[in-house]
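Okay, so here's the structure we're looking at.
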Amino acid sequence: MEKFAKAFPSKPLTAKTAKPWALAGVVGSGNLEVLLERGGRPSDTMECHVETSIPGYKASWLAALADFAHHYPAGGTKVTINDQGAPPVLVTLRLRQAYDHLIKGDK
Amino acid sequence: MNTAKSALRRQNKAQRLERVGKLARGKFVSPDKVSQVLKRIIEPGDILCLEGDNQKQADFLANQLATLDKKDLHDIHLVMSCITLPAHIQLFKKGMIRQVDFCYAGPQGTAVADLVKAKKFPVGAIHTYNELYARYYIDLTPRVALIAAAQADRKGNLFLAANTEETPAIVEPTAFSDGIVFAQVNEIVDRLPRIDIPADQVDFVVEAPYPMHLQALFTRDPAAITDVQVLMAMVALRGIYEKYEVQSLNHGVGFNTAAIELLLPTYGERLGLKGKICKYWMVNPLPTMIPAIESGWVESVFAVGGEVGMERYTAAHSDVFFTGRDGSFHSNRAMGQLAGHYAIDMFIGASLQIDINGNSSTVSKNRITGFGGAPNMGCQPTGRRHPTKAWLKAGAEANPGPGSPPGRKLVVQLVETFQAGRVPTFVEELDAQDPSIRKALHGVAPVMIYGDDVTHIVTEEGIANLAACRSIAERQAAIRAVAGYTPVGLKRKKRETEDLRARGIVQLPEDVGVRPSEASRSLLATQDIKGLVRWSKGLYDPPAQFVDW
Amino acid sequence: MTRGPLFHEQTARRRIAALLDPRSFDELLPPPERITSPYLAQLGIPVSFDDGVVIGRAKIGGKKIYIAAQVGQFVGGAVGEIHGAKLTGLFKAAARDKVPCVLIIESGGVRLHEGSAGEIAIAETMRAIFECRAKKVPTIAVIASDIGAYGGIGILSTCCDFRVMTEHGRLGISGPIVIEKWMGKKAYDSANRALVWKTSGGKTKYLLGDADALVHDSAAAIRDAIAKLLGKSSPVSLAAIKARQKELEKRLKRFGETADPDAVWKAMGVRDIAAASLASGPEFAAMAKRGK
């Protein structure tokens with residue numbers, strides 16, 4: 001297992017969100033779950049914690065998270081990920097889905 | 001006629017037939033005599049063609065051949081499309097083969113790589129299908145051809161049924177150069193539904209003790225299509241099919257393209273594209289085409305071969321599929337490939353590896369597979385002269401010079417940035433460029449599709465329009481832009497990527513009107529094989545391995 | 001042209017959202033509380049925030065229920081210490097509050113990585129289910145996915161008042177591969193999916209009376225089936241168990257030597273086996289004469 005944490009600069013989250021937290025994805029082979037929580041940290045930072053069963057891909061994780069923090073105003077949130085070998089495309093997809101649920105609520 | 005110094009081949013053929021003598025009754029050989037007949041009709045040094053097509057195999061004849069000894073059969077120049085069976089590999093292990101020229105080794109890719117490493121695979125070249133058939137008429141004319149047919153009648157006429165594949169392409173050059181044609185058939189009958197190969201072109205027939213090996217290679221279970229593949233299919237439909245108005249096409253078979261086929265009746269319908277795209281197809285009768293056909297999208301389909309389970313469906317839809325006077329399906333690989341080369345707007349398919357110049361290959365050090373048909377469809381047909389909307393539109397983007405045709409065929413690579421096991425699709429240099437592989441292939445790296453021929457690459461990140469790139473550097477930047485988080489993709493430069501996007505050379509899903517969160521399996525016309533059976537109104541008979549009811 | 005999402009393909013959380021009255025779901029022990037397995041890390045397996053089961057309070061058709069949905073993709077939906085404790089606590093709360101409890105099952109049984117803890121938890125949950133039934137609090141199991149209800153969870157599902165199944169669900173104890181290993185491939189070919197579903201799938205279970213409803217593979221159909229059963233429950237009495245034992249003895253006598261599942265269907269009034277095999281759940285239910 002590989003574990004790492006990093007904070008990324010990100011524009012502050014919009015004032016109101018539908019929920020205090022959102023979960024996207026499922027832990028399973030080739031998959032991951034993303035928990036996105038707001039509150040209690042610097043409003044210009046997206047704090048990320050990743051735990052993955054496939055070591056050696058830190059560079060692509062950090063790149064995907066950095067891109068997400070750059071494109072979406074997610075400052076003031078904490079991202080916690082449990083991963084079992086998801087490809088980067090799923091990482092981005094789940095981050096977007098969790099973000100969507102946080103802002104707009106579940107449809 | 002003076003035959004003293006000419007007609008040597010004809011005389012030699014007569015001698016071989018004489019050696020066979022009473023082992024055959026006329027043209028007919030009983031199964032227990034086959035190996036002895038093979039010993040007598042094949043001579044050392046012969047060019048021998050063994051029908052190993054993509055789907056069907058003359059496996060009984062191959063197995064009998066593999067029982068022979070090196071002293072009976074040696075210095076053979078083997079020419080065949082597909083090295084598929086353990087029996088094929090046996091011929092090499094026994095040291096019978098002096099040289100082999102082939103196209104594809106999918107199922108035996110690992111075994112072939114092992115033979116190469118052991119220096120027991122003396123290869124002339126890896127070819128594309130039509131390239132090899134063409135050489136049957138030039139410098140690789142078979143002296144003996146061992147083929148597979150569905151049925152023979154008592155005169156030796158042959159019926160090929162749905163899987164014609166390349167049998168005519170093998171038989172014609174052999175029969176018309178005084179070669180010997182030996183066919184294995186599933187059964188001998190009194191009357192054939194139709195005659196596909198006349199008895200004149202056939203020398204021997206055996207009713208094999210088991211039906212010929214025939215793989216259901218092109219059936220894709222919709223249940224295995226992922227949301228990511230649906231996303232890519234939506235992006236391809238909007239960014240390419242819709243944009244260029246692709247009316248005629250070939251799909252390289254895979255889950256990616258199956259997703260596109262299953263989105264036509266739903267997403268395609270919603271976009272108002274019926275009638276504007278996808279009317280004419282060169283593709284096998286894929287079960288995943290059923291919903292689009294039932295929904296009225298498809299005018300015609302010609303195929304290089306059949307597909308197990310689609311016999312009743314194709315026979316019932318003779319307005320769409322090519323069928324014989326007997327009412328059953330007909331295919332032809334040589335002509336299908338030719339159609340796929342000259343007569344379609346677009347080829348779209350996947351690959352295992354793509355380099356930064358857009359070259360692709362499926363060959364690696366441990367798996368030598370070859371090309372199959374992709375290169376014939378996935379290349380620019382500079383011999384083409386007739387225009388279509390898509391051809392002209394793609395051509396205009398490519399900015400042809402004074403010495404180039406005004407149009408371009410759409411050649412699209414549809415790939416996820418990572419393969420299974422997190423192996424990146426995009427690489428700086430192809431495994432196929434490895435020195436040991438090039439050496440084994442006389443210096444020619446087995447590239448499947450060349451980057452210069454590719455017009456677009458579609459990944460889950462978006463579309464790179466390579467045809468619109470004006471330099472090699474620009475093309476490399478465009479590829480890196482859609483290569484996601486692979487090591488190749490991570491090397492992209494932000495400014496370059498943004499500039500390419502501003503110019504429309506790189507398009508993200510949003511740029512072509514697709515929201516990633518919309519992409520879901522529930523958009524597919526059906527989510528499982530059972531659904532395909534229902535769509536077909538009970539005419540589709542899935543092979544046993546796909547039936548779970 | 002497209003139907004809605006298929007229940008058997010939806011995730012646990014999507015299923016809950018689709019089954020329940022809008023905005024009525026209040027999750028208990030939600031992910032932010034991070035109550036995860038204490039054992040998986042040492043085996044190099046990532047944890048899941050809900051340990052593979054989502055539980056909470058909700059409403060169906062305005063009626064209060066407790067609901068749990070297992071996450072089949074996480075270690076096969078198998079029950080470990082935390083997962084099991086959540087189920088036990090949920091059924092105990094249902095008994096205490098006299099509120100019906102619904103379990104959306106997707107599990108292979110005990111999580112081998114946490115063997116003893118899982119076994120104990122399943123046993124405790126079964127006891128809690130009996131507590132509910134003693135108080136006439138309805139307990140409903142939904143088995144509607146390919147993973148099915150196996151092992152200890154298979155047993156647990158039969159402890160509930162009712163089982164709602166679809167054609168995709170399967171119910172058993174030993175899985176097909178184990179059966180093949182013990183009985184031999186000739187007797188049971190685990191690779192023959194048609195055989196596996198004909199012996200343990202929703203259609204056969206409904207036919208034999210082990211499932212109480214056989215519905216369409218959609219949240220709407222399952223919701224309707226659950227709603228119909230919310231008012232009923234019966235205690236587990238000695239008389240009821242004896243009666244059930246007699247039924248099973250009769251079934252064994254009737255079909256114990258039958259080697260072909262189609263013969264069972266035929267004997268129960270299914271005339272067109274091919275059509276019945278292809279039919280959807282509700283279509284099959286209409287074709288067959290359900291009995292015990």
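Number of residues in the stretch C:126-178 that are over 12 Å from the mean Cα position of the chain (by Cα) and in a helix (DSSP H, G or I): the value is 12. The condition of being crowded, with 18+ Cβ neighbours inside 10 Å, out of contact with any Cys (no Cβ under 7 Å at 6 or more places or on another chain) and at pLDDT 95 or above does not hold for B:G305. Scanning the stretch C:245-292 for residues that are more than 21 Å from C:A144 (Cα to Cα) and among the acidic types (D, E), we see that the one that is surrounded by the fewest Cβ atoms within 10 Å (Cβ to Cβ) is C:E257. When the stretch C:94-108 is examined, which residues are found to be within 20 Å of C:Q70 (Cβ to Cβ) and outside any helix (DSSP H, G or I)? C:V99, C:P100, C:C101, C:V102, C:L103, C:I104, C:I105, C:E106, C:S107, C:G108, listed by residue number. Comparison of C:K232, C:K228 shows that the only residue that is within 30 Å of C:A68 (Cβ to Cβ) and free of Cβ contacts under 8 Å to residues at least 60 places away in the same chain is C:K228.
Please find, within the stretch A:91-107, the residue that is farthest from the chain's Cα centre (by Cα) out of those that are surrounded by fewer than 22 Cβ atoms within 10 Å (Cβ to Cβ) and more than 7 Å from every other protein chain (Cβ to nearest Cβ). Selected residue: A:K107.
The set of residues in the stretch C:219-257 that are under 21 Å from C:A134 (Cβ atoms) and of a type in the set (G, A, S) comprises C:G231, C:S233, C:S234, C:S237, C:A239, C:A240, C:A243. Under the condition of being charged (D, E, K, R) and under 23 Å from B:A483 (Cβ atoms), the residues counted in the stretch B:348-391 number 3. Does at least one position in the stretch B:261-271 carry a residue that is among the polar types (S, T, N, Q), within 23 Å of the chain's Cα centre (by Cα) and part of a helix (DSSP H, G or I)? Scanning the stretch B:261-271, I find no residue that is among the polar types (S, T, N, Q), within 23 Å of the chain's Cα centre (by Cα) and part of a helix (DSSP H, G or I), so the answer is no.
Out of everything in the stretch A:22-50 that is of a type in the set (G, A, S) and part of a loop (DSSP other than H, G, I, E, B), what residue ends up being farthest from the chain's Cα centre (by Cα)? Among those residues, the one meeting the criterion is A:S29. Quick check: anything in the stretch A:51-73 without any contact (Cβ under 8 Å) to a residue 60 or more places away in the chain, more than 14 Å from chain C (Cβ to nearest Cβ), in a loop (DSSP other than H, G, I, E, B) and of a type in the set (D, E)? There is no residue in the stretch A:51-73 that is without any contact (Cβ under 8 Å) to a residue 60 or more places away in the chain, more than 14 Å from chain C (Cβ to nearest Cβ), in a loop (DSSP other than H, G, I, E, B) and of a type in the set (D, E).
Just one of the numbered conditions (1) more than 14 Å from every other protein chain (Cβ to nearest Cβ); (2) among the β-branched types (V, I, T); (3) part of a helix (DSSP H, G or I) is not true of C:I82: (1).
Taken over the stretch B:483-508, residues that are more than 11 Å from chain A (Cβ to nearest Cβ) and touching a residue at least 60 places away in the same chain (Cβ under 8 Å) amount to 2.
Checked against (1) within 13 Å of another protein chain (Cβ to nearest Cβ); (2) outside any strand (DSSP E or B); (3) in contact with a Leu (Cβ under 9 Å, 6 or more places away or on another chain), C:A69 passes all but condition (2). For the stretch C:40-60, the candidate set comprises residues that are modelled with pLDDT of 95 or more and in a loop (DSSP other than H, G, I, E, B); within that set, the residue that is farthest from the other protein chains (Cβ to nearest Cβ) is C:D51.
Examine the stretch C:27-47 for a residue that is buried (at least 23 other Cβ atoms within 10 Å of the Cβ) and within 19 Å of the chain's Cα centre (by Cα), and state whether such a residue exists. Looking for residues that are buried (at least 23 other Cβ atoms within 10 Å of the Cβ) and within 19 Å of the chain's Cα centre (by Cα), one finds none in the stretch C:27-47, hence no. For B:Q55, are the conditions met, namely being in contact (Cβ under 8 Å) with a residue 60 or more places away in the chain and under 29 Å from B:N130 (Cα atoms)? Against the criterion (in contact (Cβ under 8 Å) with a residue 60 or more places away in the chain and under 29 Å from B:N130 (Cα atoms)), B:Q55 qualifies.
Which residues, counting only those in the stretch B:515-549, are of a type in the set (S, T, Y) and either part of a helix (DSSP H, G or I) or more than 29 Å from the chain's Cα centre (by Cα) (or both)? Within the stretch B:515-549, B:S517, B:S520, B:S522 meet the criteria.
The values are calculated or read from the model by the stated rules, or taken from the named source; none is laboratory data. Since we're looking at a predicted model, the values are computed, not measured. Every residue, glycine among them, receives a Cβ derived from its backbone with ideal geometry; neighbour counts consider all protein chains shown.
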